[in-house]
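The values are calculated or read from the model by the stated rules, or taken from the named source; none is laboratory data. Worth saying up front: this structure is predicted, and the values here are computed from it rather than measured. Every residue, glycine as well, gets a Cβ built from its backbone with ideal geometry; the counts of neighbours run over all protein chains shown.
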Amino acid sequence: MSEIGTYRFNDNLKLAIFDWDGTVMDSVGQIVASLQSVGRHFDIDLPAAAAQHIIGLALPEVMHRLFPNHADRHDEMRQVYAKHYHTYNNIAPVFEGLTDVLDELRARDIKIAVATGKNRNGLDRVLDQSGLRDYFVMTRSADEAKSKPDPLMLTHILEATGIDVADAVMIGDTSFDLKMAQALDMPRVGVLWGAHSREELASCAPTALVSTVAELGHVLGNTKVSQSV
């Protein structure tokens, strides 16, 4: 593993795959609050830390892990979650500087994709509302493959783009993101502004860990963004 300043991707980088929640979009707080609303609705205590730790998984898997003794009510729980999440008048903001990173990757002719635990409807909603859809040559949601950390989403993206795993990188804020890439021996960058801790990300043998968006740009080989590192 390399920290910022000791690793940069070279000209072989052809594909950058981003997680969404907690990596591109500052949505961790909204997700945690929505999951806790499920707990309150069913009179179940759900600590914020427990809710935050499962961010990145597909919603059915989230319900299985957080509420294992209530399998007969998981469908209803997902409905309560969705109802609360959609009460937010505005979607969560994109992390400051992230669009600059995307701009320079695109200017370098590096393909950009998304692999997320969201379902397709949820992903389409935030892609349109954030105005970022056109950056991505491909997006894959959990309901189109398998929940992280299964690497099927990444396999789909590699096959569709025709890019070798060694020329791609997965960028995410959770161990689920990094384990998904690790299963394919794909280079991977953990970002420290999201849901999981440095220790959790470091346990997945990341290629690099970054603390800021500017550091991410530097590691990915961007020149304009890295000037501020």
*asked:* So in the range 138-155, with the set limited to residues that are farther than 25 Å from Gly221 by Cβ and of a type outside the set (Asp, Glu), which one is surrounded by the most Cβ atoms within 10 Å (Cβ to Cβ)?
replied: Lys148
*List every residue pair whose Cβ atoms sit under 9 Å apart, with the two residues 6 or more apart in sequence or on different chains, where the first one lies in the range 156-177 and is under 17 Å from Glu144 (Cα atoms) and the second, anywhere, is part of a helix (DSSP H, G or I).*
His156/Glu144; Leu158/Val165; Asp177/Leu201
*Report whether or not Leu154 is in a helix (DSSP H, G or I) and within 17 Å of Val189 (Cα to Cα).*
yes
*Could you tell me which of the residues Gly131, Gly117, Gly162 is of a type in the set (Gly, Ala, Ser), outside the structural domain of His41 (by TED's automatic domain parsing) and under 18 Å from Gly29 (Cβ atoms)?*
Gly117
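For the range 131-151, enumerate the residues that are in a helix (DSSP H, G or I) and more than 16 Å from Leu59 (Cβ to Cβ).
We begin by selecting, within the range 131-151, every residue in a helix (DSSP H, G or I); these are 133-135, 142-144.
Matches in the range 131-151: Arg133, Asp134, Tyr135.
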*Quick check: anything in the range 159-179 buried (at least 22 other Cβ atoms within 10 Å of the Cβ) and assigned to a loop (DSSP other than H, G, I, E, B)?*
yes
*asked:* Would you confirm whether or not the range 182-199 contains a residue that is touching a residue at least 40 places away in the same chain (Cβ under 8 Å), surrounded by 17 or more Cβ atoms within 10 Å (Cβ to Cβ) and part of a helix (DSSP H, G or I)?
replied: no
*Mind listing just one residue for me: the one in the range 93-122 that is within 23 Å of His156 (Cβ to Cβ) and in contact with a Phe, Trp or Tyr (Cβ under 7 Å, 6 or more places away or on another chain) and, of those, surrounded by the most Cβ atoms within 10 Å (Cβ to Cβ)?*
Thr116
*Identify, by number, the condition in (1) in contact with a strand residue (DSSP E or B) (Cβ under 7 Å, 6 or more places away or on another chain); (2) in a helix (DSSP H, G or I); (3) polar (S, T, N, Q) that Asn121 doesn't meet.*
(1)
_Number of the condition not met by Gln52 [criteria: (1) crowded, with 21+ Cβ neighbours inside 10 Å; (2) under 15 Å from the mean Cα position of the chain (by Cα)]_ = (1)
_Where His84 falls short, out of the listed (1) touching a helix residue (DSSP H, G or I) at 6+ places or on another chain (Cβ under 9 Å); (2) modelled with pLDDT of 95 or more_ = (2)
*Being within 18 Å of Ile171 (Cα to Cα) and outside any helix (DSSP H, G or I) is the filter here, so list the residues in the range 48-92 that pass it.*
Ile54, Ile55, Gly56, Leu57, Ala58
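Can you tell me which residue among Thr99, Thr87 is of a type in the set (Val, Ile, Thr) and either free of Cβ contacts under 8 Å to residues at least 24 places away in the same chain or in contact with a His (Cβ under 6 Å, 6 or more places away or on another chain) (or both)? Spell out the reasoning first.
Details: Thr99 fails: either free of Cβ contacts under 8 Å to residues at least 24 places away in the same chain or in contact with a His (Cβ under 6 Å, 6 or more places away or on another chain) (or both).
Only one candidate qualifies: Thr87.
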*asked:* Six or more apart or on different chains, Cβ atoms under 9 Å: show the pairs whose first residue is in the range 64-75 and touching a residue at least 60 places away in the same chain (Cβ under 8 Å) and whose second is surrounded by fewer than 16 Cβ atoms within 10 Å (Cβ to Cβ) and part of a helix (DSSP H, G or I).
replied: none
